[in-house]
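What follows is a short report on a single structure.
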Amino acid sequence: MLNRFARFLVFFILLAQSVACAEEVDAQKLLEEIDANLWADTKHIQGRLIIDNGRRVRELKQETWMEGVTKSYSRYLSPARERGTKMLKVKNKLWLYTPQTDRKILISGHLLRQSMMGSDLSYEDMMEDVKVSRAYLATFEGYVEYEGQQTAILTLKARKPNSTYQTRKIWADPVRYVVLKEIRFAKSGKPLKQVKYLDYVPIDDRLFPRQMVFRDLLKTDTKTTYAFDLIEFGVDIPSRYFSQSILKR
Amino acid sequence: MILKVALRNFAGQGMRAFLNVSVTALIIIATIFSLSLLNGFQAQALKNLSTTDVGGGHYRVPGFDIMSPTDWEDLTQEVPRQLSQFKHNEKAEVLVQQGQLFINNRMFPVQLRGVEMGQQLLDLPMDHLLRRQQPVADSVPIIIGTQMSRKSKLKVGDQVVMKWRDKHGAVDALDAEVVDVVPLVNPRVDEGVAWLRLDHLRQITLRSKEITWVVVEGNRGKVEGLEFIDTDYLMRDLLALLANDRRNTRLIIGILLMLAAISVFNTQYLNIFKRQKEIGTLMAMGMTPNQIIRLFTVEGGLAAVGAVLMAVVLGIPFFAWFQISGFDVSHLSGTGIPVRENIFLEFNVREIATAVSIIVGLMILVAWWPVRRISNLEPTQALRGRGIT
């Protein structure tokens with residue numbers, strides 16, 4: 001009798017779990033939680049941009065300071081050819097400084113759509129300065145198993161017609177509030193870019209990926225990996241870092 | 001009397017006179033050939049530009065510059081009613097946008113050029129697009145030129161991904177199907193250009209009724225919101241190139257002409273040196289120095305007249321033969337010069353008459369110049385052969 005009861009109990013627990021999993025996720029809330037996990041008031045990152053164009057691989061070391069979603073300053077540390085190159089983003093403007101020319105160039109308008117340093121990312125992709133939860137409306141599509149874990153698939157539709165990608169699809173971990181994979185689509189529905197978020201590690205009270213792998217899906221054999229070696233949240237950033245006066249030797 | 005004597009003397013010069021006449025005749029033929037070839041080249045290039053792109057001028061959105069592709073998307077507007085009322089043979093609406101084709105892992109930046117299908121003003125082989133009347137669904141039909149086909153290795157039936165931005169800046173992409181590869185005589189509308197139906201390009205970019213420019217037959221006065229760009233401005237780079245070519249041609253002709261003039265000058269100089277006794281005799285018989293100068297100048301002038309006659313005899317059959325085959329300029333197909341077909345001579349009667357007159361005049365001048373010294377000649381010294389040393 002006790003044995004039958006125990007079996008019933010196990011069955012009930014399993015059933016309850018599967019019902020809980022199948023329960024619809026509040027997609028918009030999940031997106032907000034994901035944003036809250038990723039975004040911080042200030043960030044300091046040391047990382048490497050590994051650009052593989054199918055023929056050769058280049059590795060660019062960089063250091064970045066970010067304030068909110070609208071200000072960021074990066075400087076390239078290696079290789080020698082790129083050392084001293086600086087990028088400053090303030091709102092929707094991006095300045096590029098190269099020590100070879102000792103000039104700063106404003107990259108705006110359509111120039112932002114060009115590939116950044118020959119990578120799979122455009123300057124525009126790098127400059128994305130709105131929280132995804134504010135720019136998109138999320139819809140829960142269901143659960144799938146992705147790399148051994150249950151993930152919620154969310155389809156994001158742009159709230160405004162001027163968003164570069166009108167549709168995105170994300171594979172999100174509904175428990176840890178992190179994105180594992182993202183595909184950005186053309187208006188027609190053709191997949192254009194894929195981003196994989198790898199090796200989440202706890203930093204302070206957040207989970208942050210150690211690597212982001214970007215792929216331009218219209219090209220083959222190319223990928224750009226953004227590897228983060230050091231991530232600090234809530235750091236004090238001198239105000240001159242977000243001033244154009246920083247763009248010099 | 002002088003003409004009669006001059007003719008006899010000229011004939012007596014034999015091979016020397018024949019060579020002078022031949023060289024001058026060849027220079028006349030070369031001059032007419034090079035000027036007419038340049039005329040033919042210019043006419044063909046301008047015609048090709050005009051029939052494929054320029055027409056009689058463009059009404060453009062102010063500030064548009066074909067050399068600044070990053071601005072193309074911002075410089076469009078709805079076609080004004082004043083222009084949309086024109087007949088199909090009076091205007092051609094064109095919309096130009098930036099796009100990218102992804103071919104074999106390579107990204108090809110392209111100019112997406114949408115042209116009104118009903119237009120009859122430009123001579124563009126767009127028959128295959130004309131048949132694709134349905135709105136864009138799964139793929140966008142495009143036409144490319146042979147040069148673009150060669151560079152991109154795209155052929156009829158190929159499907160590649162095409163990416164562009166809509167009016168709001170959202171990125172979009174679809175498969176593009178190459179429905180035809182056409183020979184375009186103007187490389188400016190071939191290399192790096194993907195041709196679409198105007199309605200298709202408007203549909204996929206959400207630019208209903210918008211244009212970048214309207215090709216017209218000629219200036220139709222002020223049009224609200226657009227500025228008229230005339231053909232001189234639209235063809236300015238080609239016109240400058242041709243003007244430069246014309247300068248170079250004239251320089252080469254000048255050098256050839258100088259060589260011929262030196263030859264005649266040399267002949268005349270030797271003539272008066274070797275024929276001093278003859279000059280002295282003529283003076284002793286009562287001819288004035290001016291009459292003798294006239295005699296020698298007419299002799300020299302006869303070489304120029306002979307050259308013109310010889311140029312007619314040799315030139316007419318040569319030009320007639322040349323006009324059958326033309327001049328192959330296929331080696332220029334890789335350049336931006338809008339000529340692909342063989343070019344033919346275009347004779348400008350006024351230009352030829354001017355050139356021949358200058359050559360004849362110069363020959364007479366160089367025939368006269370050395371014999372001026374006769375005016376100071378002492379008949380007694382000349383008879384001894386010591387007048388000119």
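The values are calculated or read from the model by the stated rules, or taken from the named source; none is laboratory data. What you see is a predicted model; the values in this text were computed from it and never measured. Methodologically, a virtual Cβ is constructed for each residue, glycine included, from the backbone with ideal geometry; neighbour enumeration extends over all protein chains shown. All accessible areas refer to the heavy atoms of the entire protein, side chains included, with ligands and DNA or RNA removed. Shrake-Rupley method; radii C 1.70, N 1.55, O 1.52, S 1.80 Å.
Quick check on segment B:71-95: of everything there that is among the acidic types (Asp, Glu) and within 14 Å of another protein chain (Cβ to nearest Cβ), which residue is nearest to B:His200 (Cα to Cα)? Looking at residues that are among the acidic types (Asp, Glu) and within 14 Å of another protein chain (Cβ to nearest Cβ), I get B:Glu73.
Checking B:Ile337, B:Ile364 one by one, the residue that is of a type in the set (A, V, I, L, M, F, W, C), open to solvent by 30 Å² or more (accessible area, probe 1.4 Å) and in a loop (DSSP other than H, G, I, E, B) is B:Ile337 and no other. In segment B:194-215, which residue that is within 13 Å of another protein chain (Cβ to nearest Cβ) and of a type in the set (S, T, N, Q) is surrounded by the most Cβ atoms within 10 Å (Cβ to Cβ)? Among residues in segment B:194-215 that are within 13 Å of another protein chain (Cβ to nearest Cβ) and of a type in the set (S, T, N, Q), the one surrounded by the most Cβ atoms within 10 Å (Cβ to Cβ) is B:Thr205. Count of segment A:100-116 residues, restricted to those that are closer than 21 Å to A:Leu192 by Cβ and either in a helix (DSSP H, G or I) or open to solvent by 30 Å² or more (accessible area, probe 1.4 Å) (or both), is 7.
For segment B:170-193, name all the residues that are within 7 Å of chain A (Cβ to nearest Cβ) and open to solvent by less than 10 Å² (accessible area, probe 1.4 Å).
Restricting attention to segment B:170-193, the residues satisfying the condition of being within 7 Å of chain A (Cβ to nearest Cβ) are B:170-174.
Listed by number, the residues that qualify are B:Ala170, B:Val171, B:Ala173.
Scanning segment A:101-129 for residues that are within 14 Å of chain B (Cβ to nearest Cβ) and of a type in the set (A, V, I, L, M) gives A:Ile105, A:Leu106, A:Ile107, A:Leu111, A:Leu112, A:Leu121, A:Met127. Taking the listed residues B:Arg207, B:Arg246, the one that is of a type in the set (Lys, Arg) and not assigned by TED's automatic domain parsing to the domain that holds B:Ser84 is B:Arg246, with no other qualifying.
On the given criteria, is B:Val371 open to solvent by 20 Å² or more (accessible area, probe 1.4 Å), among the β-branched types (Val, Ile, Thr) and either over 35 Å from the mean Cα position of the chain (by Cα) or at pLDDT 80 or above (or both)? So B:Val371 fails the test. Only one of the numbered conditions (1) open to solvent by 50 Å² or more (accessible area, probe 1.4 Å); (2) within 14 Å of chain A (Cβ to nearest Cβ) is violated by B:Asp123, and that is (2). Flag: B:Asp158 does not match the condition of being among the acidic types (Asp, Glu) and within 14 Å of another protein chain (Cβ to nearest Cβ).
Highlighted here are the strands (runs of 3 or more DSSP E) found entirely within segment A:131-249 that include at least 1 residues which are within 14 Å of chain B (Cβ to nearest Cβ) and under 19 Å from A:Asp120 (Cα atoms): A:167-173, A:178-185, A:191-203, A:206-216, A:223-233.
Number of residues in segment B:314-334 that are surrounded by 13 or more Cβ atoms within 10 Å (Cβ to Cβ) and among the charged types (D, E, K, R) equals 0.
Check whether at least one residue in segment B:298-313 is buried (at least 17 other Cβ atoms within 10 Å of the Cβ) and either farther than 22 Å from B:Asn266 by Cβ or of a type in the set (Lys, Arg) (or both), and report yes or no. For segment B:298-313, residues buried (at least 17 other Cβ atoms within 10 Å of the Cβ) and either farther than 22 Å from B:Asn266 by Cβ or of a type in the set (Lys, Arg) (or both): absent.
Residue-level check: of (1) within 14 Å of chain A (Cβ to nearest Cβ); (2) of a type outside the set (Asp, Glu); (3) surrounded by 17 or more Cβ atoms within 10 Å (Cβ to Cβ), B:Ser68 misses just (3). Of B:Asn266, B:Asn290, all but one fail to be open to solvent by 70 Å² or more (accessible area, probe 1.4 Å) and under 16 Å from B:Leu3 (Cα atoms); the exception is B:Asn290. Residue count for segment A:130-142 under the criterion of being crowded, with 16+ Cβ neighbours inside 10 Å, touching a residue at least 60 places away in the same chain (Cβ under 8 Å) and touching a strand residue (DSSP E or B) at 6+ places or on another chain (Cβ under 8 Å): the result is 4. Could you please let me know if B:Ile352 is assigned to a helix (DSSP H, G or I), open to solvent by less than 50 Å² (accessible area, probe 1.4 Å) and aliphatic (A, V, I, L, M)? So B:Ile352 fits the description; yes.
A single member of B:Gly306, B:Gly326, B:Gly315 is in contact with a strand residue (DSSP E or B) (Cβ under 9 Å, 6 or more places away or on another chain) and either over 30 Å from B:Pro379 (Cβ atoms) or polar (S, T, N, Q) (or both), and it is B:Gly326.
Restricting attention to segment B:176-231, which residues are under 20 Å from B:Thr70 (Cβ atoms) and polar (S, T, N, Q)? Correct list: B:Thr205, B:Thr212.
What number of residues within segment A:156-187 satisfy the criterion of being of a type outside the set (Lys, Arg) and surrounded by fewer than 17 Cβ atoms within 10 Å (Cβ to Cβ)?
Total meeting the criteria: 3.
Against the criterion of being outside any strand (DSSP E or B), away from every other protein chain (no Cβ under 14 Å), under 15 Å from A:Gln62 (Cβ atoms) and within 19 Å of the chain's Cα centre (by Cα), A:Met87 does not qualify.
Scanning segment B:42-64 for residues that are free of Cβ contacts under 8 Å to residues at least 60 places away in the same chain and of a type outside the set (Gly, Ala, Ser) yields one hit, B:Lys47.
Taken together, the residues in segment B:266-323 that are over 17 Å from B:Phe10 (Cα atoms) and not hydrophobic (A, V, I, L, M, F, W, C) amount to 10.
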